[in-house]
1. If you build a Gaussian network model of the chain, linking Cα atoms that sit under 10 Å apart, which residue out of 167, 227, 154 swings the most?
2. Under a straight-distance cross-link criterion of Cα-Cα below 20 Å, which lysines are reachable from residue 168, leaving out those fewer than 8 residues away in the same chain?
3. I'd like the FRET efficiency for residue 10 and residue 205, computed as 1/(1 + (r/R0)^6) with the beta carbon distance as r and R0 of 30 Å, rounded to 0.05.
4. Taking the number of other C-beta atoms within 10 Å as the exposure measure, put 8, 76, 120, 266 in order starting with the fewest.
5. Using a Förster distance of 51 Å, how high is the FRET efficiency between residue 214 and residue 43, based on the Cβ-Cβ distance and rounded to 0.05?
6. Mean 1/r over all different Cα pairs, inverted: what Kirkwood radius does the chain give, in Å?
7. About its Cα centre, what dipole magnitude does the range 99-234 give when the only charges are +1 on Lys and Arg Cβ and -1 on Asp and Glu Cβ, stated in debye to the nearest 20?
8. Could you compute the FRET efficiency for residue 195 and residue 300, with r as their C-beta to C-beta distance and R0 at 35 Å, rounded to 0.05?
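Any read-out appearing in this document is the output of simple, stated calculations on the displayed coordinates, not a laboratory observation. What you see is a predicted model, and the numbers here were worked out from it, not measured in a lab. Virtual Cβ from ideal backbone geometry, glycine too; neighbours counted across all protein chains shown.
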Amino acid sequence: MRLTTLRTGDGPRVGLLDGDVIRLLDAGPTLLDVIRGGDEALADVARRVRSGDAVPVPDAPFGPLLEPPSVRDFLTYEAHLAELAGSVPDEWYEKPLFYFSNPASITGPYDEVRIPPLATQLDYELEVGVVVGRAGSDLTPAQAANSILGYTIFNDWSARDLQVHEFKFPMGPSKSKDAAITLGPWLVTADELADHVQDGRLALRTEVSLNGVRTGGDVTSNMAWSFAELVAYASRGTVVRPGDVMGSGTCGTGCLAEIKRSNPDTAPGWLAPGDVVRIEVEQLGYIENRLVPGPEPVEIPSGRRRIRPEA
């Protein structure tokens, strides 16, 4: 199944790809509701949309895919880390790293994306996201594989200048990763991709272009951990829930920051209003977003200093 969410006059409606059209579920249930309903709800969607409204794919008003309970973004590609950090420390291979991102920042697959306030070095990040279908805790990788509902494209927009400031402190990213995450256009169920699994790893070709010029790409099988292993690790000591989204992390050559390090003389500039970023992933489709100016920053005063620097 290839599921999506469309904007309609009745509010967001779940859609199911059927050839060249998207068949719509009646207004009311969201894609998250369907995911929470499990296999029975998914089967019910397939039955109920057969006679439902149909929208040709080129005319479909795609909206944000879903409102996930949580968003985790991992760092799983050696090539990405090696280029940005200069090397890959042995400790990195011990366990997959992730940070929590903002579920409220999900944008539609073809929406305009606003440049965050104060950001002057906005970047795209080419990723694939996995969507959890069943709740679980302390899962083994085999159990986690059975809890995966499907996959979608994931663009983790990043303000690199804000990130540099935030990474001076042991807190992880905040406003540098807070403004937008693009998902979609489809949530492709795992059974649709069974022929693209190699040695236990999903192997999909990925590509990103900026203003019509290809800038990077990779294959998801180059991840150091499988998606099932990421879900299992995320469940350690806690619970993963239906609808939770987990990003693979940026692939090799999947962002401007890498290109600027490897080819500084020919690298594109940081993203600016009018730029168009297109990400394509085999079997998952494509997303395409145009950058537009963001809001003026709300002024926040500097923190009150109680400890005076030594003379």
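1. Maximum fluctuation in the GNM of the chain, among the listed residues, is at 167.
2. The reachable lysines, counting only those whose Cα sits under 20 Å from residue 168, are 177.
3. Working: r = 37 Å, r/R0 = 1.23.
Approximately 0.20, to the nearest 0.05.
4. Working: 8 15, 76 26, 120 12, 266 8.
By the 10 Å Cβ count, ascending, the order reads 266, 120, 8, 76.
5. Working from the Cβ atoms, E equals 0.80.
6. 20.3
7. Numbers: 9 positive and 17 negative charges, 57 e Å.
Value, rounded to 20: 280 debye.
8. Working: r = 51 Å, r/R0 = 1.47.
That pair, residue 195 with residue 300, gives E of 0.10.
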